[in-house]
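Throughout, read-outs are computed from the coordinates displayed, never taken from laboratory work. These numbers were taken from a predicted model, which means no experiment stands behind them. A quick note on method: Cβ atoms are made from the backbone with ideal geometry, for glycine too, and the neighbour counts reach across all protein chains shown.
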Amino acid sequence: MKRIVLIITSLLIILAGCSGKGEQASGKKVEGVPEGVQGGIKIAVIRNLPSDDHTKQFLDGTRSEGESFGMKVDTFIAENNDAKFQELVAQAIQKDYDGLIISHGKKDYSYDMIKPAVDKGMKVVTFDTVIDKNGQTLDGVTTTFQDDYKLAELSLDEIAALSKDGKPVKVIKLWFGPGVPPLDRRQEIYKKYEEDNKIETLEVIGPTNFQDVQGDIAAKVSSILAKYPKGSVDAVWGSWDEMAKGAYKAMKDSNRSDIKLISIDISNQDINFMREDKSNWLSTAAVDPRLIGIVNMRLLAKKLAGEETPDTYDLEAKLIKQDDLNDDTNMTNLQNVVEGWGKSDAFNEEWMDKLRENYKK
């Protein structure tokens with residue numbers, strides 16, 4: 001009997017010891033931290049894109065940063081299905097979430113979709129979402145974007161540099177729209193390069209199967225390569241790297257290393273393709289997708305804390321070249337070859353550091 005009591009007592013001690021610092025702290029207030037970010041805060045992050053690498057990294061950034069503040073973070077993916085996306089947002093508004101991060105809402109419905117959340121008093125931050133209805137926006141919502149104009153400039157400057165004797169570079173363009181805010185902004189810059197006779201567009205290819213963007217684009221690029229003999233196409237411009245991956249596979253399978261590939265956005269898969277022997281993927285312009293999620297969560301936390309936030313914020317773009325990459329380069333250590341990659345103190349506050357310390361595992 002004594003042995004049983006001792007075993008039970010030991011188990012209770014072990015369980016108490018395993019409760020963890022964060023769990024113990026969750027029941028009390030953290031000194032020096034605003035009231036609005038304490039006490040079981042729940043956040044919903046809803047993304048209207050396929051479950052690709054960029055999406056996974058973005059969601060990981062929001063989740064890791066929110067959980068470091070002691071918040072519960074639920075993530076949802078709508079697979080570029082606008083009806084499903086709007087329904088997911090509507091459901092989140094009806095539930096007991098304190099704040100929302102909305103990614104890739106389209107202009108024709110985002111104002112009406114998000115307004116009920118604002119009316120309810122929920123805090124909202126958006127990414128790559130245009131909120132505009134007859135010139136009206138929603139007060140209190142911060143809209144964040146990658147610096148899409150700079151992303152386009154960095155990538156298109158790389159393409160323009162392929163010019164021979166000042167002639168326009170002949171380009172197969174991977175793009176779809178209009179109606180997708182980041183791609184629409186990139187298109188504005190692309191159009192200027194066309195007007196300045198720096199590039200000549202031979203084909204425009206976009207996905208119709210958003211469940212398999214890479215496979216869809218690979219098939220479409222493969223089908224048109226035969227009509228372009230070597231020397232007749234200089235480059236492929238991928239306005240979104242998920243499309244660029246498909247084009248890379250198609251060109252590799254067709255032995256078309258004569259056509260150079262330059263893109264926007266980045267992932268581990270992109271890096272691996274760029275590092276392959278005789279790869280024709282020369283460079284990509286990007287913002288760290290995980291950092292985008294982190295910064296969006298900090299902005300939302302500041303709103304919950306009652307602190308001032310900007311109406312809009314653009315995240316800085318970087319250029320990653322094939323020649324910069326080492327054998328062991330990946331998304332985790334990319335900062336070793338690209339200065340400033342993945343780092344930002346934007347919207348970080350001392351009280352956030354206190355929460356991180358309190359909930360540190």
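What value, in deg cm²/dmol to 500, does the helix sum -39500 (n - 2.57) over DSSP H runs of n ≥ 4 give at 222 nm once divided by the residues of the chain?
-13000 deg cm²/dmol
May I ask for the net charge around Gly105, where only other residues with Cβ less than 9 Å from the Cβ of Gly105 are counted and Lys, Arg are +1 while Asp, Glu are -1?
After counting each charged neighbour, the total is 0.
Normalised by the residues of the range 148-286, what does the relative contact order come to in percent, with Cα pairs under 8 Å and at least six apart?
Computed over the range 148-286, the figure is 26 percent.
Relative contact order, percent, of the range 223-321 when contacts are C-alpha pairs under 8 Å separated by at least 6 residues?
Computed over the range 223-321, the figure is 23 percent.
In the neighborhood of Gln187, defined by Cβ-to-Cβ distances under 12 Å, what is the net charge if each Lys or Arg adds +1 and each Asp or Glu adds -1?
Summing Lys/Arg as +1 and Asp/Glu as -1 gives +1.
Among DSSP bridges having both ends in the chain, what percentage is antiparallel? Round to the nearest 5.
Rounded to the nearest five, the antiparallel share is 10 percent.
Residues with beta-carbon under 13 Å from that of Lys249, excluding Lys249: net charge, scoring Lys, Arg +1 and Asp, Glu -1?
-3
If you average the sequence gap of Cα pairs under 8 Å that are 6 or more apart and divide by the length of the range 279-343, what percent do you get for the contact order?
Relative CO of the range 279-343 lands at 46 percent.
Excluding residues fewer than 8 places away in the same chain, name every one of the lysines whose C-alpha is closer than 19 Å to that of Lys56.
Leaving aside lysines fewer than 8 places away in the same chain, those within reach of Lys56 are Lys72, Lys84, Lys245, Lys343.
In a GNM of the chain with a 10 Å cut-off on Cα contacts, which of Gly293, Gly32, Gly179 has the highest mean-square fluctuation?
Gly32
What are the trypsin sites (Lys or Arg not before Pro) within the range 67-107 that DSSP puts in a loop, where the Cβ has at most 14 other Cβ atoms within 10 Å?
Within the range 67-107, the qualifying trypsin sites (Lys or Arg not before Pro) (loop, at most 14 other Cβ atoms within 10 Å) are Lys95.
Could you tell me which trypsin sites (Lys or Arg not before Pro) in the range 228-285 are loop residues by DSSP with no more than 15 other beta carbons within 10 angstrom of their beta carbon?
Lys230, Lys278
Check the straight Cα-Cα distances from Lys133 and name the lysines below 16 Å, setting aside those fewer than 8 residues away within the same chain.
Lys106, Lys107, Lys115
If r is the Cβ-Cβ distance from Lys230 to Asp345 and R0 is 51 Å, what FRET efficiency results, to the nearest 0.05?
Efficiency, from the Cβ-Cβ distance: 0.55.
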